[in-house]
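S.K.: Can you read through this structure? Questions will come right after.
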Amino acid sequence: MFPTRRPSRDIRILAAAAVAAITAIALGACTATSANEPAPVEFDDLQSATIQIQAQGTFIDKGTTNASETAGRGSGFLIDPSGIAVTNNHVVTGAGTLKVWLGGDTDREYGATVLGASECLDLAVIQLDADELPFMAWREGEIKNALDVYSAGFPLGDPEFTLTKGIVSKADTASEDAWASLDHVIEHDARIRGGNSGGPLVDSNGRVVGVNYAGIDELDYNYAIHRDQVMPVIEDLTAGKPVLSLGINAEAMPPADDGSAVGIWVASVKAGGPADEAGVESGDLLVDMAGISLGQNGTLEDYCRVLQTQGTEATIDVTLYRPATEELWEGQFNGRALELVSRGDTGGGGTGGAETVGSFVTVTDDSGAVTVQVPDTWTDVGGAGYTDDAGAQWFDISASPDLNEFFTTWTVAGVSVSASRDLAGTDTAAYLAAVGAKSVGDACTLRETDVYDDGYYTGHYTYWTACDGVSDYVVVVANDSAGTHLVMLRLQMLSELDRSTVLETIVSSFMAKF
């Protein structure tokens, strides 16, 4: 019966011809120049160098709290006979394992490793566990409007290879999207669908002009990341160097009419990346970074501007909201790990409810270590700490309409939240048995004793009724998840409002930070 705690960038592009030449030398992506070098596939053999990818890991779709071990299937293409391939960041980042099928051959499965990825460019480079493979080359020369182009891949997760034809309608345009922030994009009408993500857009000679990454089905708009956006970063991605990335599978969540939180949704997290090291989890929502609100225009633009300005290895302040537990966390990338700062409904802006919730206000002890939300009518507040009979030091915040009456009678509602670093790791069941009995004496009737676990604090609680015939009394004793302190909450309730809204709000909001 006890309530559960509720829970832009302007990326510099190098001269295309020079970069193309350097990258081709490094990765063997150009047409063979001698009889001893392998040659890229021609148009008729595109299928042999196109791959289908399935990622397995922990993925949480935008706006949900339901974890899935698969993010569906995407496409990609080989750019080197050694097994190096290009795809989209959103296809592979956060994967625990990758399964790859080459050319639609479902009888042979390849393993693969993510070498490097960028959420801002929605690009990734992977390495297949094979070599002497067919591969594609990049188009040399200008990409113009009305150029005949073809989308290759495996749409809708079907293992059957598909090739669609169209023309380039916009040869080079900037685009800010919910899942990428790009200076160079090709708009075309070689139709793509879900599952084409990461597949190649090629010319009539089979040379790659871009990487498909997005489309608007209703309008038949299809978008590919321009060759000149891709080639300058392939070498770094192959070497595992960060390129506008903190290691997340990202999508902007814009403002909505229902007042839900706004920011950058994290569908999955790369193990060992800056986001993972900071404590970001799948299903989190990045609310702001470096003091900049994120996702307000429904794109990754502000997120990527911060990364471009600060650098991916810089220490960057971040605030995130965790919808699954309705918690607000603050910390830093490449710096101080995330720490829980509040729990409960954050309101429409992601942080609006951190200080007040309806007719409740946040009160804090004199040291600033212990906080809790209480009714705004509980105006008698005390924040002085104390030392118990055993010499343990406690930090305490207490609030009531009348603290003296709260501490000495059963006729006035109130709460006291105390936290002690001296007693961290204490056996909560034993401590509660002693303290609970001492607190109530013979005045109350024990209704329930049980385990307490709100995802951050774990311990035990007792619920007493009919205290002096007029009130209910709850005592919680619990240790924090980091093992830094013991917390004790004592709450006295007289009305039905106390037993529902007040109890839920207080239990959802008490917190000690040291």
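S.K.: Where in the range 41-105 are there strands (runs of 3 or more DSSP E), lying wholly inside it, with at least 2 residues that are of a type in the set (Val, Ile, Thr)?
M.R.: By residue number, 50-60, 84-87, 95-102.
S.K.: Please find, within the range 418-452, the residue that is modelled with the highest pLDDT out of those that are in a helix (DSSP H, G or I), surrounded by 15 or more Cβ atoms within 10 Å (Cβ to Cβ) and among the small types (Gly, Ala, Ser).
M.R.: Ala433
S.K.: Would you be able to say whether some residue in the range 403-416 is of a type in the set (Gly, Ala, Ser), in a loop (DSSP other than H, G, I, E, B) and either outside the structural domain of Glu327 (by TED's automatic domain parsing) or closer than 23 Å to Gly385 by Cβ (or both)?
M.R.: Within the range 403-416, one or more residues are of a type in the set (Gly, Ala, Ser), in a loop (DSSP other than H, G, I, E, B) and either outside the structural domain of Glu327 (by TED's automatic domain parsing) or closer than 23 Å to Gly385 by Cβ (or both).
S.K.: Across the range 190-207, which residue is farthest from Ser169 (Cα to Cα) among those that are modelled with pLDDT of 95 or more and in contact with a Leu (Cβ under 7 Å, 6 or more places away or on another chain)?
M.R.: Gly206
S.K.: Would it be correct to say that Gly272 is more than 16 Å from the chain's Cα centre (by Cα), on the phi > 0 side of the Ramachandran plot, of a type outside the set (Asp, Glu) and surrounded by fewer than 24 Cβ atoms within 10 Å (Cβ to Cβ)?
M.R.: no
S.K.: On to the next question. Tell me yes or no: at least one residue of the range 488-502 is within 30 Å of the chain's Cα centre (by Cα) and assigned to a strand (DSSP E or B).
M.R.: Within the range 488-502 (the criterion being within 30 Å of the chain's Cα centre (by Cα) and assigned to a strand (DSSP E or B)), the answer is no, since none of the residues qualifies.
S.K.: Based on this model, can you work out whether Ala32 counts as assigned by TED's automatic domain parsing to the domain that holds Ala152, at pLDDT below 80 and touching a Pro at 6+ places or on another chain (Cβ under 9 Å)?
M.R.: yes
S.K.: Consider the range 123-132. How many of its residues are surrounded by 13 or more Cβ atoms within 10 Å (Cβ to Cβ) and either aromatic (Phe, Trp, Tyr) or over 22 Å from Val243 (Cβ atoms) (or both)?
M.R.: Total satisfying the criteria: 1.
S.K.: In the range 233-251, what count of residues is obtained for those that are crowded, with 22+ Cβ neighbours inside 10 Å and of a type outside the set (A, V, I, L, M, F, W, C)?
M.R.: 4
S.K.: From (1) over 21 Å from Val374 (Cα atoms); (2) in a strand (DSSP E or B), pick out the condition that doesn't hold for Thr484.
M.R.: (2)
S.K.: Also, I was wondering about something else. Taking the stated definitions as given, is Gly455 surrounded by fewer than 19 Cβ atoms within 10 Å (Cβ to Cβ), assigned to a loop (DSSP other than H, G, I, E, B), within 32 Å of the chain's Cα centre (by Cα) and modelled with pLDDT under 90?
M.R.: yes
S.K.: A further question on this structure: Consider Leu219 carefully, then state whether it is crowded, with 23+ Cβ neighbours inside 10 Å and either in the same structural domain as Thr319 (by TED's automatic domain parsing) or of a type in the set (A, V, I, L, M) (or both).
M.R.: no
S.K.: Next question. Which members of the range 259-280 meet the condition of being in a loop (DSSP other than H, G, I, E, B) and within 20 Å of Ala178 (Cβ to Cβ)?
M.R.: The answer is Gly259, Ser260, Ala261, Val262, Lys270, Val280.
S.K.: Continuing with the same structure: Looking at Ala67, is it closer than 18 Å to Trp265 by Cβ, surrounded by 16 or more Cβ atoms within 10 Å (Cβ to Cβ) and either assigned by TED's automatic domain parsing to the domain that holds His184 or among the acidic types (Asp, Glu) (or both)?
M.R.: The answer is no for Ala67.
The rows are residues; the columns are (1) under 16 Å from the mean Cα position of the chain (by Cα); (2) outside any strand (DSSP E or B); (3) in the same structural domain as Ala174 (by TED's automatic domain parsing); (4) at pLDDT 90 or above.
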residue	(1), (2), (3), (4)
Ser282	yes, yes, no, yes
Asp288	yes, no, no, yes
Asn297	no, yes, no, yes
Val318	yes, no, no, yes
Ala324	yes, yes, no, no
Gln332	yes, no, no, yes
Gly350	yes, yes, no, no
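S.K.: Does the range 133-156 hold any residues that are modelled with pLDDT under 95 and exposed (fewer than 14 other Cβ atoms within 10 Å of the Cβ), and which are they?
M.R.: Gly141, Leu156 - these are the residues of the range 133-156 that are modelled with pLDDT under 95 and exposed (fewer than 14 other Cβ atoms within 10 Å of the Cβ).
S.K.: State which residue pairs qualify: first residue on the phi > 0 side of the Ramachandran plot and inside the range 175-199, second residue surrounded by fewer than 19 Cβ atoms within 10 Å (Cβ to Cβ) in any location, beta carbons under 8 Å apart, and separation of 6 or more residues or different chains.
M.R.: Pairs found: Gly195/Gly72; Gly195/Leu156; Gly195/Gly157; Gly195/Asp158.
S.K.: Something else: Counting only residues that are among the aliphatic types (A, V, I, L, M) and surrounded by fewer than 24 Cβ atoms within 10 Å (Cβ to Cβ), how many does the range 288-305 have?
M.R.: Result for the range 288-305: 2.
S.K.: Oh, and also: Which residues, counting only those in the range 175-208, are under 14 Å from Arg139 (Cα atoms) and surrounded by fewer than 23 Cβ atoms within 10 Å (Cβ to Cβ)?
M.R.: Within the range 175-208, Asp203, Ser204, Asn205, Gly206, Arg207 qualify.
The values are calculated or read from the model by the stated rules, or taken from the named source; none is laboratory data. Keep in mind the model is a prediction, meaning the values are calculated, not measured. Counting neighbours? That spans all protein chains shown, and the Cβs are built from the backbone with ideal geometry, glycine included.
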